[in-house]
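The values are calculated or read from the model by the stated rules, or taken from the named source; none is laboratory data. Given the structure is predicted, the values throughout are model-derived calculations rather than measurements. So basically every Cβ, Gly included, is an ideal-geometry build from the backbone, and we count neighbours across all protein chains shown. For the accessible areas, the whole protein counts, side chains as well, though only heavy atoms, and no ligand, DNA or RNA atoms are used. Shrake-Rupley method; radii C 1.70, N 1.55, O 1.52, S 1.80 Å.
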Amino acid sequence: MLVALVPLGLVSLAHVRQSQQNADDTLLAASVGWTLQQGLYDLRMMRAAQNTGELLATSLGNDPDNCAALVGNWVRTDVRIDHAGMVNAEGRMLCSSDGRLRDFSNDPRLAGLLEARRRVLFRDTSWAPGGRNGISLAAPVIGQDGKYLGFSLVFLPDRLLRGTAGRHPGQTSPEQPPQTPLALAAVANDSEMLYVVPDSHETRRLLSRAMLGTMEPGLREAHSFIARDADGIERIFAVVPSAEDLSLIGVWPLPRGNSTFQRYILPYLSPALMWLTGLAVTLIGTERLVTRHISRLSNGMRNFALGDRKHPEILLDNPSYELADLADSYAMLTNTIMRDEAELENLLHKNSELLREVHHRTGNSLQLIASILRMHRREAEDSGIRVVLDDLHNRVMSLSSVHLGLYRMAGGQAIAMDQLMADVIARVDLLQGRSGRRGGIMTDLEPLHLTSRQAVPLALLLAEILSCFPPAESNGQPVRIRLHSGMAHDSANTAPGRTAWLEVSGSVTAIGRLTGDHSGAPAVIGARLIRGFVTQLPGEMAISEEGERVRAVIRFDVQEEPTRTEPAEEPALTG
């Protein structure tokens, strides 16, 4: 029913709006004519005075040396002006009709008049003869050679304006509007008021809103509008541009019977009541037949989506056939989802058990390999073979430590390297027999999360570097390990990114094992493994000797997300 009432309501509102718009357009068009009629006499006086000023400027340009005679003749022959003169480009008056020469060089208005180079109307008692009230008109004086000589100055006194002021406001005729304006003014192109009737503070407040309209671009044609004044009362504002430098503004009261209730409420009351009646009937029917059932279905679906599996079934009270069918379809959907969720949960549990078993068997295999190497070491009589087997045993145990740490932290993409490295350091320290000694290894590990693609080679790299600092060769120098990160800019790549550094330092006796220059095969293999793990990060390693200590610094860019490329091949340990 509401849908059926919408077109009728829209047509009614459009008709009411159109009727009101036509009445407003007629009233606004009439206000423009009223304003022009009220100020027509004064407008003609100002336009005639402008023409006189331009003609005087032309005469002065043709004969500037005869300045005094020219301005005197113009004042005597034109009754609309009672004073005239010429001001040069320096602001000094060269001649005047009353013989008094004034100096305007320090007047702030002079710069604007000289820069305008066109006719300008303004009201300023400092430019008027004897400080009288009136309108001054300036027109540029151009010599016969095209040089700017200054401007002519013509004064139109207020006593010659307001030609209709003697007519009684209540007196009407076919040429007069049915009422007098609240305010009437002439405004120059720079929004300077030239003429105000009546001249009072309240009148200027009314005119300020209309003056804003004259300054808006694109509104140089005659126009009018209805707006509220400073007191919140609706008025008619009419703007009648006479030329590009002069406009006439009138403020008129709204006709009687145009109150806010009659204009904005009463015309729309009947369509609004019709709409409200239809809306009430529609809402009651919709709530009873549709909305309450849809609300129950929506709440049930929302709760099910949020994880509520206790009451998936929704009971509707005497629904329509379509809604009952929708409820049955939803019940079938929830049953299917719950069954699939149960199967997925069982599958996830089985996968977790399988993964746990794989980790357990991997750890046992590494421990078995380490035990076999230990048995061969005890049976070997050659000391060189024992050194090699000890080195292999330590590497297998280091790998077991990394595997155990990764297994404990399984469950997410990012791996906390500070925790993993602390675990690796503790186990390698135990293998080297350094555990329990104070100051043997000093750590400064900043919290850092890496993907498994970088976490595994970094942990193995740390274990391999620690094996290069045996306690027997420490010479009292502790092993210091520092992990930190920050923002860095790679000169080879213009994009900035996050970079991490691993710094390991200890006794200088380890430099041979780090570089591979130490005598013995295990040291060469260890150096190759270190370079291989640095390549897998990928990163860079720098080894420097600092007195009795050696420092290894590994720099690499942190990969914020796991890469989708194929994993890099392990570096071959070739001779």
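Largest to smallest in accessible area, the residues Thr334, Thr443 fall in the order Thr443, Thr334 (1.4 Å probe, all protein chains included). The slack between Arg132 and Leu36, meaning 0.36 nm per residue of separation minus the straight C-alpha distance, is 31.9 nm.
Remark: the Ser352-Phe225 segment gains 38.0 nm on full extension, using 0.36 nm per residue and subtracting the alpha carbon distance.
Of the peptides 378-388, 503-513, the order by per-residue mean of other Cβ atoms within 10 Å, starting with the highest, comes out as 503-513, 378-388.
Modelled spin-label separation between Glu90 and Asp325, with each label point placed 7 Å from Cα along the Cα-to-Cβ direction: 10.1 nm. Look at the alpha carbon pairs under 8 Å that are at least 6 residues apart: their mean separation over the length of region 33-108 gives a relative contact order of 19 percent.
The average projected area of region 84-156, computed from the convex hull of its Cα atoms over all directions, is 4.5 nm².
If the chain linking Arg204 and Glu548 were pulled fully straight, counting 0.36 nm for each residue of separation and taking away their Cα-Cα distance, it would gain 114.7 nm. Ordered from highest to lowest accessible area with the whole protein assembly present and a 1.4 Å probe, Glu234, Glu90 read as Glu90, Glu234. Rg of the Cα atoms in region 261-384, relative to 2.2 N^0.38 Å, amounts to 2.51. Shape analysis of region 1-153 yields a ratio of the Cα radius of gyration to the Kirkwood radius, Rg/Rh, of 1.37.
Placing R0 at 56 angstrom, the Cβ-Cβ distance between Arg555 and Ser270 gives a FRET efficiency of 0.10 after rounding to 0.05. The protection proxy used here, the mean number of other Cβ atoms lying within 10 Å of each residue, ranks peptides 415-421, 180-186 as follows, highest first: 180-186, 415-421. Scanning residues 5 or more positions from His449 or on other chains, those with amide H under 5 Å from its amide H are Met417, with H placed 1.01 Å from N in the peptide plane.
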